[in-house]
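Step one of this worksheet: look at the structure below.
The values are calculated or read from the model by the stated rules, or taken from the named source; none is laboratory data. Computed from a prediction, not measured in an experiment: that's the story for all the values here. Backbone-built Cβ (ideal geometry, glycine too); neighbour counts: all protein chains shown. Remember, those area values only see protein heavy atoms, side chains included, never the ligands or the DNA or RNA. Shrake-Rupley method; radii C 1.70, N 1.55, O 1.52, S 1.80 Å.
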Amino acid sequence: MPNSTDQPMAQIAAKRWQFWIDRGGTFTDVVAQDPDGRLVSRKLLSDNPEHYPDAAVQGIRDILGLAPDDAIDPDAIGSVKMGTTVATNALLERQGEPTVLVITKGFGDALRIGYQNRPRIFDMHIVLPQMLYCHVIEVDERISAGGEVLVKPDAGAVRLMLRAAHDRGIRSAAIVFMHGYRYPEHERMAAGIARQAGFTQVSTSHEAAPLMKLVSRGDTTVADAYLTPILRRYVDGVGAEMEGVRLMFMQSSGGLTDAHLFKGKDSILSGPAGGVVGMARTASLAGFKKVIGFDMGGTSTDVSHYHGSYERAFETHIGGVRIRAPMMRIHTVAAGGGSVLHFDGSRMRVGPDSAGANPGPASYRRGGPLTVTDCNVLLGRIQARFFPKVFGRNGDEPLDVGEVRARFGELSEKIGAPSGEKPTPEQIAEGFLTIAVENMANAIKKISVQRGYDITQYTLNCFGGAGGQHACRVADTLGMTTVFVHAQAGVLSAYGMGLADVGAMRQGTVEERLAEAIAPSLTARMEELEKSAIDEVLGQGIASTGITTLRKAHLRFEGTDTAISVGFAGIGKMTGDFEAAHRRRFGFVMESRDVIVEALSVEAVGATGNLRETAMKSDSPITAPAPLDTVTVYSGGALLETPVYKFESLTPGGSVAGPSIIFEANSTTVVEPGWRAVMTPYEHLVMTRAEPRPHAISVGAGADPVMLEIFNNLF
């Protein structure tokens with residue numbers, strides 16, 4: 001809840017613990033800042049019911065040193081900022097709240113029919129995704145596109161139908177009427193009746209997605225009604241464990257919001273959005289302007305693009321559902337440390353299924369399957385001696401290297417049986433690792449190369465528990481020569497919560513021709529949206545002097561359905577910016593077509609007095625660190641003697657050459673042969689390729705550099 005003292009958030013939080021948490025599918029990362037500004041971090045299994053009911057709360061208790069029966073003192077904590085996958089998992093697994101769809105008569109099948117898109121055009125058997133709603137009520141009502149009431153709904157009939165749905169045990173309702181985004185009177189009436197009938201969650205389309213297009217607006221409203229109760233129960237459960245503590249959640253758009261304002265439709269990319277914020281801000285502080293975010297966790301890998309501003313999508317397909325809500329533009333592939341290894345008798349595959357936290361990879365001592373993590377364990381890229389001892393029945397044992405070797409031995413027999421040529425376990429593990437790296441590199445190409453960006457000019461900001469183990473290999477596959485590894489890379493999505501600001505976004509449909517005549521009405525509408533967004537941020541304890549706004553107009557050519565965002569300005573400026581952006585993206589403009597203002601949007605951002613990074617002050621000479629150990633790592637078909645370093649042993653300016661392994665409490669970084677890692681004054685690693693890529697071709701002057709790069713990337 002907003003603080004009753006009306007003091008700015010930074011003053012309220014002074015001299016108290018700050019907690020930033022990312023609750024992922026496999027691990028929950030907790031980063032804390034103590035009252036003196038020092039950082040502490042923990043990584044816990046997200047699903048470990050034998051030891052704690054919730055990993056986020058347990059992480060806080062562990063850092064504060066509380067006994068099992070001790071209560072959390074709210075006066076000791078300034079705020080808790082969290083990202084969670086609770087709603088995402090409920091959507092993907094279809095474990096949300098039973099929901100009734102209340103829609104205009106005659107459109108009961110509209111969301112099922114959808115747009116009839118065929119994303120997999122060669123599939124002979126089309127499997128439609130399971131709908132989120134379990135019951136439909138068709139209301140005899142209709143308002144025309146111009147606002148004329150054609151059919152007035154019968155309140156008594158609506159009440160009877162909603163009570164019947166309530167009697168069936170349904171407690172969540174999604175109300176979607178034709179043209180309700182612009183004329184919400186009928187939706188408001190139905191929502192009031194639903195609440196009177198006992199529905200505890202009522203989502204209306206004019207509030208959830210006030211934009212054109214019935215299908216995507218309806219899908220978003222249903223998703224909000226389906227997920228918000230699940231999210232609310234989780235939020236209330238966490239809040240009950242920390243009563244009196246200011247609790248905030250990361251939204252898919254990258255802005256924080258108070259727990260009581262957190263909604264299902266805004267929570268789909270809650271955790272990954274924190275990673276994008278952390279990736280962008282840490283790279284900017286280090287001087288990198290063009291950045292590819294590479295977040296490899298236990299279940300999946302998230303990749304993102306950053307060049308001066310966050311990229312957002314306003315309509316996204318997730319789990320077969322269209323969501324029209326602002327989200328960070330993130331591309332996800334099922335390739336994480338927990339991705340399961342498969343051999344079907346003829347080919348090797350990685351994922352898409354994951355071992356998760358329970359049972360986890362085979363090395364976790366819970367009987368799990370072989371995974372990408374186990375490949376790294378067998379190859380020596382992960383050293384059990386330097387890895388956290390949080391496994392086994394009591395959560396205090398190291399990784400089980402013997403079990404991994406035995407399981408790969410069995411797989412070697414299976415793969416070698418058809419041909420009679422049995423590969424070694426190490427060859428199999430490296431083969432699976434190569435497949436995983438290719439999957440991740442292809443994901444990065446989708447957000448960079450396929451959108452016209454020269455990937456070789458970018459820095460790879462790698463983070464997540466498994467990111468550092470694969471960063472150099474992914475960079476080599478893409479032709480990238482610089483990798484940035486933050487000091488908190490293993491928990492950067494959680495760290496990003498501490499770097500984030502409070503945010504609120506508002507959108508409104510316009511659907512008019514862009515002309516000077518509508519300039520006053522556009523400005524008035526924008527000011528209305530802006531005031532609503534600012535009021536939400538002010539209500540969360542942010543001082544008005546700390547709020548900035550970003551205005552956008554979403555424009556398209558008449559007769560098309562692809563809108564492009566430009567900064568809200570004068571009519572001539574917006575027209576010029578739109579045409580320039582359209583030409584960059586599509587290569588042409590439609591000079592004979594009018595430009596249509598599809599929608600307006602505004603983002604209000606409130607600075608939270610978040611943490612700032614400072615450079616280390618060190619007068620000591622630059623020295624090469626002494627390795628803790630030298631181990632054998634299998635790489636490129638050979639065994640390599642590889643030194644192992646502790647992250648903290650590197651001083652600013654100090655460097656290590658590959659092959660080498662650098663470990664810290666929450667992650668391991670593998671410096672591949674041909675690469676060199678240097679510690680920056682901010683205690684971050686910058687890895688650069690010190691030698692040409694192994695398969696690069698040397699040619700004389702006059703060679704076509706574009707064709708040469710394409711050729712090199714083929715190998």
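From the list SER216, SER203, SER267, pick out the single residue that is touching a Leu at 6+ places or on another chain (Cβ under 9 Å), hydroxyl-bearing (Ser, Thr, Tyr) and open to solvent by less than 20 Å² (accessible area, probe 1.4 Å). After applying the criteria, what remains is SER267.
Comparison of PRO418, PRO425 shows that the only residue that is over 33 Å from the mean Cα position of the chain (by Cα) and crowded, with 19+ Cβ neighbours inside 10 Å is PRO425.
Among the residues of segment 23-33, those that are open to solvent by 20 Å² or more (accessible area, probe 1.4 Å) and either over 28 Å from ALA355 (Cα atoms) or in a strand (DSSP E or B) (or both) comprise ARG23, PHE27, GLN33.
Number of residues in segment 165-187 that are farther than 14 Å from VAL151 by Cβ, over 33 Å from the mean Cα position of the chain (by Cα) and not hydrophobic (A, V, I, L, M, F, W, C) equals 4. Considering segment 418-451, the residues that are small (Gly, Ala, Ser) and out of contact with any helix residue (DSSP H, G or I) (no Cβ under 8 Å at 6 or more places or on another chain) include one that is nearest to ALA581 (Cα to Cα), namely ALA443. Candidates PHE387, PHE432: the one that is open to solvent by 40 Å² or more (accessible area, probe 1.4 Å), of a type in the set (Phe, Trp, Tyr) and touching a residue at least 24 places away in the same chain (Cβ under 8 Å) is PHE387. Annotation note: Cβ proximity below 6 Å between a residue of segment 298-320 that is more than 18 Å from GLY351 (Cβ to Cβ) and open to solvent by less than 60 Å² (accessible area, probe 1.4 Å) and a residue that is at pLDDT 80 or above and of a type in the set (Val, Ile, Thr) (sequence gap 6+ or interchain) occurs for SER304/VAL276; SER304/ILE330; HIS305/ILE447; TYR306/VAL291; THR316/ILE323.
Regarding ARG329, is this residue open to solvent by 10 Å² or more (accessible area, probe 1.4 Å), touching a helix residue (DSSP H, G or I) at 6+ places or on another chain (Cβ under 9 Å), within 25 Å of SER270 (Cβ to Cβ) and not β-branched (Val, Ile, Thr)? The answer is yes for ARG329. Residues that are modelled with pLDDT of 90 or more, touching a Leu at 6+ places or on another chain (Cβ under 9 Å) and either open to solvent by less than 30 Å² (accessible area, probe 1.4 Å) or on the phi < 0 side of the Ramachandran plot (or both): does segment 236-249 have at least one? Scanning segment 236-249, I find at least one residue that is modelled with pLDDT of 90 or more, touching a Leu at 6+ places or on another chain (Cβ under 9 Å) and either open to solvent by less than 30 Å² (accessible area, probe 1.4 Å) or on the phi < 0 side of the Ramachandran plot (or both), so the answer is yes.
Applying the criterion of being at pLDDT below 95, open to solvent by 80 Å² or more (accessible area, probe 1.4 Å) and not polar (S, T, N, Q) to the residues of segment 127-141, the residue that is farthest from GLY320 (Cα to Cα) is VAL127. Counting only strands (runs of 3 or more DSSP E) that sit wholly inside segment 128-238, those with at least 3 residues that are over 19 Å from ALA87 (Cβ atoms) and without any contact (Cβ under 8 Å) to a residue 60 or more places away in the chain are 135-139, 149-151. Restricted to segment 581-608, and to residues there that are closer than 30 Å to GLN18 by Cα and not β-branched (Val, Ile, Thr), the residue that is surrounded by the fewest Cβ atoms within 10 Å (Cβ to Cβ) is ALA607. Of the residues making up segment 78-126, those that are within 26 Å of ARG168 (Cβ to Cβ) and among the polar types (S, T, N, Q) are ASN89, GLN95, THR99, THR104. Does at least one position in segment 250-259 carry a residue that is farther than 23 Å from GLY503 by Cβ and of a type in the set (A, V, I, L, M, F, W, C)? Checking segment 250-259: not a single residue is farther than 23 Å from GLY503 by Cβ and of a type in the set (A, V, I, L, M, F, W, C). Out of all the residues in segment 353-362, is one or more modelled with pLDDT of 90 or more and touching an Asp or Glu at 6+ places or on another chain (Cβ under 9 Å)? Yes, because at least one residue in segment 353-362 is modelled with pLDDT of 90 or more and touching an Asp or Glu at 6+ places or on another chain (Cβ under 9 Å). Listed conditions (1) closer than 24 Å to SER216 by Cβ; (2) assigned to a helix (DSSP H, G or I); (3) open to solvent by less than 20 Å² (accessible area, probe 1.4 Å) are all met by PRO272, apart from (3).
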